[in-house]
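One structure below.
The values are calculated or read from the model by the stated rules, or taken from the named source; none is laboratory data. From a predicted model like this one, the values you see are computed outputs, not experimental measurements. Here the Cβ is made from the backbone with ideal geometry for all residues, glycine too, and neighbour counts use every protein chain on show.
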Amino acid sequence: MLFIENFRSQPYYNIAAEEYLLKNFTQNIVMLYRNQPSLICGKHQNVFAEVNHNLLFAGEIPVVRRLSGGGTVYHDLGNLNFTFLLNGEEGKLVNFRQYAQPIIDFLRSIGAPAEFSERNDITIAGKKVSGNAEHIYKNRVLHHGTLLFNTNLENLENAITVNRRFDDKGIRSVRSKVTNISKHLPAKISFNEFKTKLFEFLYQQLGGTETYHFNATDVEAIKKLEAEKYRTVEWNYDYSPKFSFKRVFFIENEIVKLEIYVEKGIMVNLIPFDNQVENEKFFDLKNKLSGQRISTELLQ
């Protein structure tokens, strides 16, 4: 079992590193890392329906689409992420409870009464402290999750906001009550102590054989993947499933009501709603917007 020490905190880089390890290494791997404040969305989600638009449009927080499914999660420097990359038999790789169990065992070992929930989360006192997700690649599974140690929960709640105005087939996040692990420990420890204890516990329990640091070749490949995929509009936003939303425009003292259909970030169709008359202003606006990329102004 290869254990990777990753001290970078850039979300685009770290999410790219997971894919790089999954597809280019053959060993079983454990990696721990944390990110600067960011929103990490599930592969099959409509990003626009999941995040606080005020933060999104202001560019105040990075939004990164990950390989795995599931819902949107908030990362900050008080949250520790764990990644397991494991080999197995195709068709038998999905097992949330099995992969979450070492984390539960660790939390219990330091005095936190952790449990596994029916939603594949780890909870303490009925509140979520860890969300888990998986992605299968050939005979390998990427299982990763969050650990809310001393996350800013107010920022978390503010950043993740389900927007019901969108009609789509994407996976919607399920909102859960959350808590920080640090509140449930019998003795106060720092984030770094928590990370070190988890690293040592997993190394012993999972049979660690080597501690690995990314070399120059690894970093170059990860940064290439980061630039070509994880920092792109095409992956983070356009990969969203088809969706539609309604928008009311005010043009020269006249109201125009449009339902806008979006595919791969492009407005492909605009139709009237709520008895909107298909008049000159309607067609002018439709012709102006059709085929254009969706903009933040239209979504506000």
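Numbers for the structure displayed
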{"item": "Test: residue in the stretch 73-84 that is touching a Gly at 6+ places or on another chain (Cβ under 8 Å), in contact (Cβ under 8 Å) with a residue 60 or more places away in the chain, of a type in the set (S, T, N, Q) and not in a helix (DSSP H, G or I)", "result": "yes"}
{"item": "Matching entry among I61, I40 (being β-branched (V, I, T), assigned to a loop (DSSP other than H, G, I, E, B) and in the same structural domain as E157 (by TED's automatic domain parsing))", "result": "I61"}
{"item": "Residue in the stretch 104-116 that is at pLDDT below 95 and either on the phi > 0 side of the Ramachandran plot or among the polar types (S, T, N, Q) (or both) present", "result": "no"}
{"item": "Matching residues, the stretch 250-296, being out of contact with any Leu (no Cβ under 9 Å at 6 or more places or on another chain) and either in the same structural domain as A58 (by TED's automatic domain parsing) or among the hydroxyl-bearing types (S, T, Y) (or both)", "result": "S295"}
{"item": "Condition broken by L32, with the remaining ones in (1) within 19 Å of E134 (Cα to Cα); (2) crowded, with 20+ Cβ neighbours inside 10 Å; (3) among the aliphatic types (A, V, I, L, M) satisfied", "result": "(2)"}
{"item": "Which listed residue is aliphatic (A, V, I, L, M) and under 20 Å from K195 (Cα atoms), from L55, L86, L2, L39", "result": "L2"}
{"item": "Wholly enclosed strands (runs of 3 or more DSSP E) of the stretch 175-292 bearing at least 2 residues surrounded by 11 or more Cβ atoms within 10 Å (Cβ to Cβ) and modelled with pLDDT under 90", "result": "243-251, 254-263"}
